[in-house]
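Here's the structure we're looking at; comments come further down.
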Amino acid sequence: MFNRISNGVSRELTWIIASFWVFLVVAWVSKLWVEVLVAYVFFYIGRQLWSAYKFEKWMHGGSRSAFPPSSGYWGEVSYLVSKKQHSLEKRADLQNYKSEQFRAASMALPIAIVSLTEHNQIEWFNESAQSLLVLKQSDVGHKIESLVRHPDFVRYLKSSAYEQPIFMTEFMGMSRTYSCQLLSYHKTHRLLLLEDVHELYNLGKIRKDFVANASHELRTPLTVINGYLEMMTDMPDKVPATWNNPLKQMFQQSQRMQSIIEDLLTLSKIESDTLVNRFKEVKVDRLLSSIEIDTKHLYGDQYNLSFEIQSGLVVSGVEEPLKSVFINLISNAIRYTEIGGDITVRWYSTEQSAVFEVEDTGIGIASEHLSRLTERFYRVDTARSRQTGGTGLGLAIVKHVLDKHHAHLRVMSQVGKGSTFSCRFEEG
């Protein structure tokens, strides 16, 4: 069965043969064979040129017909081009319809959306962004940082850590809290999302204040109870023998509760302290050398401890919170590694960041737990954590300290083989 192209060629051949026979008859009648043959050649060439002219004119839009009224090969080509054109027009109409739907949906969203190029130039924005950021159509093509000059926003924009949003408690002259996040899409383009989360932020602040105040109020009576329990356990001859074990358990649980309260107070202090105004150069190699001495003194005979510290490498931050991060991660590795296991602590630099890393050969963590490790009181193994004295707040403290230092935590683990906790401090 012939397709459209082969039909066009066969029609053209049919026309050539038929017209050639007509000219042969004319030549036979007139006896002017050469003249008729030359006339036929010129006629055929002229016909092809005229068809090509009409086709070109139609392609340029000079003709209103669906396709030029040509016969033979050019008629078939015109038909196929016209068919493809209609198909492309339908597809373009569908794409335009979907694009308009997306644009209309984005315009109706209460979240401010701004599309940015790889150089942070504004491409388009919705009505919420126009209202919040006071944008005009003439701002398209301008860099967003020249219009939004909030220091936290500019710092976030220049960083490459877009996994988590940032929160700005004062923005564009308004004392309201906004969530800001950048999302990559379509190769090098990015979407800037700004959302008013003032009410949710206030609820979270109320909860944090309640936890901090409750922990502070519980601290004093718990210290008194803990003191009396310790005194009673130290006087076994003055306490009935049947009370010895209950008193020991009560003392252990009161100590654990005291540890939880201390961690809650530490976490509350970190959350409320911006830390930025106290930033200075921290000589991490000296800090880790001090931690190495203490750790090896306490656990050197139980584990194979190794410290690989790059000298002279410093970061900008606050020493005490950073020290708590390092100690928490090292303690965590010790807590979940069997006696005789290997624990390696590293401090080194890469092209773009400084890295603190703790690698162990412990029990490991299943992949479904990794995303929740920094949640408060989240434990992979509740029984083991309580047995080893864990409060479930250590990694939450680590996360908050790293956030304050514009760093992030990465965890890689395999059950039965061990874990690696890496803290990356981005330059600048």
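The values are calculated or read from the model by the stated rules, or taken from the named source; none is laboratory data. All values reported here derive from a predicted model rather than from experimental measurement. All Cβ positions, glycine included, derive from the backbone under ideal geometry; neighbour counts span all protein chains shown.
General observations
- Among residues of the range 288-306, those that are at pLDDT 90 or above and either of a type in the set (D, E) or within 16 Å of S349 (Cβ to Cβ) (or both), counted: 3
- Pairs are defined by a Cβ separation below 8 Å, a sequence spacing of at least 6 or placement on different chains, a first member in the range 107-124 that is outside any helix (DSSP H, G or I), and a second member that is modelled with pLDDT of 85 or more and aromatic (F, W, Y); the pairs so defined are A112/F125; I113/F125; V114/W124; V114/F125; S115/W124; S115/F125.
- For R190: the one exception among (1) under 20 Å from L265 (Cα atoms); (2) surrounded by 13 or more Cβ atoms within 10 Å (Cβ to Cβ); (3) of a type in the set (K, R): (1)
- Flag for N244 being assigned to a helix (DSSP H, G or I), loosely packed, with under 14 Cβ neighbours inside 10 Å and in contact with a helix residue (DSSP H, G or I) (Cβ under 7 Å, 6 or more places away or on another chain): yes
Listed here are the residues, each with its yes/no results for (1) touching a strand residue (DSSP E or B) at 6+ places or on another chain (Cβ under 8 Å); (2) on the phi > 0 side of the Ramachandran plot; (3) not small (G, A, S).
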{"site": "K90", "(1), (2), (3)": "no, no, yes"}
{"site": "Y97", "(1), (2), (3)": "no, no, yes"}
{"site": "F102", "(1), (2), (3)": "no, no, yes"}
{"site": "A108", "(1), (2), (3)": "no, no, no"}
{"site": "S115", "(1), (2), (3)": "yes, no, no"}
{"site": "N120", "(1), (2), (3)": "yes, yes, yes"}
{"site": "F125", "(1), (2), (3)": "yes, no, yes"}
{"site": "S128", "(1), (2), (3)": "yes, no, no"}
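- Scanning the range 318-339 for residues that are hydrophobic (A, V, I, L, M, F, W, C), out of contact with any strand residue (DSSP E or B) (no Cβ under 8 Å at 6 or more places or on another chain) and not in a helix (DSSP H, G or I) turns up just one, I339.
- Going through (1) in a helix (DSSP H, G or I); (2) at pLDDT below 85 one by one, S128 falls short only on (2).
- Residue pairs meeting the criteria (Cβ under 7 Å; at least 6 apart or on separate chains; first of a type in the set (A, V, I, L, M, F, W, C), in the range 148-166; second in a loop (DSSP other than H, G, I, E, B)): V148/L133; L157/N120
- Number of residues in the range 172-204 that are in contact with a strand residue (DSSP E or B) (Cβ under 8 Å, 6 or more places away or on another chain) and in a strand (DSSP E or B): the value is 16.
- Checked against (1) at pLDDT 90 or above; (2) within 26 Å of the chain's Cα centre (by Cα), I343 meets all criteria but (2).
- Residue match in the range 361-372 (condition: on the phi > 0 side of the Ramachandran plot and either without any contact (Cβ under 8 Å) to a residue 40 or more places away in the chain or surrounded by 15 or more Cβ atoms within 10 Å (Cβ to Cβ) (or both)): yes
- Scan of the range 131-146 for residues that are in a loop (DSSP other than H, G, I, E, B) and free of Cβ contacts under 8 Å to residues at least 24 places away in the same chain, ordered by number: L135, K136, V140, G141, H142
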